[in-house]
1. I need to check one value: relative contact order of the chain, counting alpha carbon pairs closer than 8 Å and at least 6 residues apart, in percent.
2. Greater than 18 Å separation of Cα atoms is the criterion. Which listed pairs, Lys13/Lys135; Lys35/Lys135; Lys39/Lys98, meet it?
3. When only alpha-carbon atoms count, how far does segment 15-145 stretch along each of its three principal axes, as whole angstroms with the largest first?
4. Would you calculate, for the chain, the mean residue ellipticity at 222 nm contributed by helices, counting each DSSP H stretch of 4 or more residues as -39,500 (n - 2.57) and dividing by all residues, to the nearest 500?
5. List every residue whose amide H lies under 5 Å from the amide H of Val27, counting only residues 5 or more places away in sequence or on a different chain, with H placed 1.01 Å from N in the peptide plane.
6. At a 10 angstrom cut-off on C-beta neighbours, averaged per residue, how do the peptides 88-94, 53-59 rank from highest to lowest?
Amino acid sequence: MQRIPSFSVDHTKLKRGVYLSRQDDDVMTWDLRMKEPNKGDYLTTGVLHTIEHLFATFARNSQYKDGVIYVGPMGCRTGFYFLTRGLTDAEVLDCIRKSFRFMTDFEGEIPGAHVEECGNYLDQDLEGCHEEAKKYVEVLKTLTPEDMRYTYYLE
């Protein structure tokens, strides 16, 4: 089988940020890298799950909702995939920034975290979500649309 493009990115050099992972016609898959790969610091499942619920809910209710296709966690627990259509790089970055700022202060009931709505509704960590969202907001502050491309590829 052919190696998929995301496995051709050198994960020993990958830093926290936002990267275009792939483009399929007009669908863009973004790599929201919250943790550096293979450094021993990963998102816990509760934090990952809470970010997923809050990020998906916020983005799908934002001014960019018509361009949001999917928000989902990476199996390696270092970040998220964010699929969009029809949004510029600047709009994607703005949506991500607003979503994570929203998460830093979110209080109350986590959307979709009821037994009828979720397959593992108890695995949530709002305080951990606040902490990780704050860390990622700091990374997002300095990013520009020009930074949103991988620069390290395996030969």
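Read-outs throughout are calculated quantities, based only on the coordinates presented, and are distinct from any laboratory measurement. All values reported here derive from a predicted model rather than from experimental measurement. Please note: Cβ atoms are built from the backbone with ideal geometry, for glycine as well, and neighbour counts cover all protein chains shown.
1. 30
2. Lys13/Lys135; Lys39/Lys98
3. Principal extents (largest minus smallest coordinate, Cα): 37, 34, 25 Å.
4. Taken over the chain, the calculation gives -10500 deg cm²/dmol.
5. none
6. Working: 88-94: 16.6, 53-59: 21.7.
Result, highest mean Cβ count within 10 Å first: 53-59, 88-94.
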